[in-house]
Amino acid sequence: MNKLAFLALAGSFAASAPAVAQQAEKVDQAMIAKIKDEGLNRSKVMETAFYLTDVCGPRLANSEGLQRANQWTKTQLTKWGLVNANIEPWGDFGRGWDIEKSYVAMTKPYYHAMIGAPKAWTPSTSGPIKKQVVYVKAAAETDLDKYKGQLRDKIVITEVTSPPKAGFEPDAKRYTDEELQKMTAATAGPSARPALSDDAMAAYRARIALRGKITEFLMSEGASAVLSNPRGGSDGTFFTSNGAPYAADTKPVLPEIEMAPEDQLRMIRLVEGGIPVEVEMETITKFQTQDLKGYNVIAEIPGTDRKLKSEIVMLGGHLDSWHAATGATDNAAGCAVMMEAVRILKALNVKPKRTIRIALWGEEEEGLHGSKNYVKNHFGDPATMKMLPDHEKLAGYFNLDNGTGKIRGIYLQGNEAVAPIFTAWLQPFADLGATTITPRNTGGTDHLSFDAIGLPGFQFIQDGLDYGTRTHHTNMDTYERLQPDDLKQASVIVASFVYNTAMRDQKLPRKAMPQPKS
């Protein structure tokens, strides 16, 4: 599809709104040109990403790495001239956890160094251990009976349920014109991340319950450690997760390392072939129990209009990550873009009518805890729909958390009243590939915390690249996966949307208030 036809299609939402509303939406083209110039020609986004990933390291919830990132971002935002920078507690979270050492290798029938990392919130081994491997495969709790008496002082390997397959498709993809056209033509109902069906949810719960039974069984049988790969991966990539809850009163579990599937499948084939396998491993992990609170990093560019400066425009992304890599695309990319957006505005010495507030959320990966509790503490409770005074002061919230890909448009989250506004705001970025307005909802990240109490919260549409195939929650989510030009493009678009929201006469339109959850 040619660009002119696609732009006409992207603008079709505006046709459903009153023409007066379209014509009345003002866009300061001179300021947009300045934002583009600063963000594309003097960008600091990759420098910021370097500090968030390589310097701060993995940023698991309440870990030392997240604490480093909290302090660095607060300091950096202050250096750029933002005010009221604060590492703000949102409430109780649970234990922090860090890896101090991790090593795993097969030593029999020959030596082979293997790829793996401890599962989050699992304990250390009792020093270096070198033990025989036993393969435990169980589709039901009754299957465990045959392993009774065989596991004491052994390292257990569990089943690889999603073995690698030959890849005939590229890891990284961008949206095609046809895909974006479908998004534009969609209705507001279905989420871009549809919920699991009842059958799928039941199967998921059954797997979780069985995993718990297997953990209890291995503990009772006296196994020494576990090597696992519950979620697949390929080419040395594995997906990472937690092996125990983060609550302070959690039951004990065994030391556990998540493995690259190729290493684990090799050992399984050897064991099933009757060839003894021995593994040497050591993990040293550390629990942080002194401070169980979770935190968000907050900073502001103060508003200047006498009547509007008490109103707030927010932008944000989650700062925490998983632990097997440095959380580059999930979500140092989003945080670097949001920080770059406010840096651009400060570099241009803007004087926004409304206050602009950036929030870098903590503990998102465990259930949007940072943003949910910030919203509850500042704006209102979705359970009761009892609102606080600042609920009326929020003009809009913009979020970024779908990898390193460039922005292609924005999800309206069912709020079609903003379609003509966002259409006008995107027009200056057609040459950068951002044209799509879709009424669809999208889930899984922090804008939902705002949407839950009727506040206008939005997530941008991003090219997926290799987010879903290679980096999302994996040991390969590193700085090398970041796309500098895409992050620069995203930064100028976010800066523009934030600036426009801060300067327009009215706050962004809102949907009808949701019903209380309780």
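Any read-out appearing in this document is the output of simple, stated calculations on the displayed coordinates, not a laboratory observation. Model, not experiment: these values are computed from the prediction. Positions of Cβ are generated from backbone atoms using ideal geometry, with glycine treated the same way; all protein chains shown enter the neighbour counts.
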(request) Among DSSP beta bridges whose residues both lie in the range 97-288, state the antiparallel percentage, nearest 5. (result) 65 percent
(request) Would you mind checking the tilt of helix 369-378 against the longest principal axis of the Cα atoms of the chain, expressed as 0 to 90 degrees and rounded to 10? (result) 40 degrees
(message) Can you give me the distance in nm between label points at Asp431 and Arg174, each placed 7 Å from the Cα along the Cα-to-Cβ direction?
(response) 1.6 nm
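May I ask for the net charge around Lys293, where only other residues with Cβ less than 12 Å from the Cβ of Lys293 are counted and Lys, Arg are +1 while Asp, Glu are -1?
Numbers: positive: Arg95; negative: Glu88, Asp92, Asp291, Glu363.
Surrounding charge for Lys293 is -3.
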(request) Work out the P(r) tail for the range 97-288: percent of alpha carbon pairs separated by more than 24 Å, whole number. (result) 47 percent
(request) Would you please give the FRET efficiency between Tyr110 and Asp153, computed as 1/(1 + (r/R0)^6) with r the Cβ-Cβ distance and R0 = 22 Å, to the nearest 0.05? (result) 0.45
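Would you mind ranking Arg470, Arg59, Arg481, Arg207 by Cβ crowding within 10 Å, fewest neighbours first?
Listing Arg470, Arg59, Arg481, Arg207 from fewest to most nearby Cβ atoms yields Arg207, Arg470, Arg481, Arg59.
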(request) Quick one: compute the contact order of the range 97-288, relative version, from alpha carbon pairs under 8 angstrom and 6+ residues apart, as a percent. (result) 48 percent
(request) Stick to Cα atoms and the Kirkwood definition of Rh, then tell me Rg/Rh for the range 35-79. (result) 1.09
(message) As a test, work out the antiparallel percent of DSSP beta bridges whose residues both lie in the chain, rounded to the nearest 5.
(response) 55 percent
(request) Please give every one of the aspartates and glutamates within straight-line cross-link reach of Lys376, meaning a C-alpha to C-alpha distance under 16 Å, and leave out same-chain neighbours fewer than 8 residues apart. (result) Glu88, Asp92, Glu363, Glu364, Asp390, Glu392, Asp446, Asp451
(request) With 22 Å as the limit, write out which pairs from Lys137/Lys286; Lys293/Lys372; Lys137/Lys213; Lys406/Lys507; Lys386/Lys511 have Cα-Cα distances beyond it, or answer none. (result) Lys137/Lys286; Lys406/Lys507
(message) Viscosity 1.002 mPa s, temperature 20 °C: give me the Stokes-Einstein translational D for the range 450-518 in µm²/s, with Rh taken as the Kirkwood radius over C-alpha pairs.
(response) 139 µm²/s
(request) Per DSSP H run of at least 4 residues, take -39500 (n - 2.57); add these up for the chain, divide by its residues and hand me the 222 nm value, nearest 500 deg cm²/dmol. (result) -9000 deg cm²/dmol
(message) Averaging the inverse of every distinct alpha carbon separation and then flipping it gives the Kirkwood radius. What is it for the range 196-287, in angstrom units?
(response) 15.4 Å
(message) So if a site counts as exposed when it's one of the chymotrypsin sites (Phe, Trp or Tyr not before Pro), its DSSP state isn't H, G, I, E or B, and it has at most 13 other Cβ atoms within 10 Å, what's the longest stretch of the chain without one?
(response) 169-518
(request) Using a cut-off of 13 Å between beta-carbons, work out the net charge of the residues near Ala347 (Lys and Arg +1, Asp and Glu -1, Ala347 not included). (result) +4
(request) Would you kindly calculate the translational diffusion coefficient of the range 326-467, applying Stokes-Einstein with the Kirkwood radius from alpha carbon pairs, for 20 °C and a viscosity of 1.002 mPa s, and quote it in µm² s⁻¹ without decimals? (result) 133 µm²/s
(request) Determine ³J(HN,Hα), in whole Hz, for all residues of the range 258-266 in sequence, where each value follows from phi through the Karplus function 6.51 cos²θ - 1.76 cosθ + 1.60 and θ = phi - 60°; x replaces Gly and Pro. (result) 7, 10, 5, x, 4, 5, 5, 5, 4
(request) Please express the Cα-Cα pair-distance distribution P(r) of the chain as a list of whole percents, one per 20 Å bin, running from 0 to the bin with the greatest distance. (result) 22, 51, 24, 3
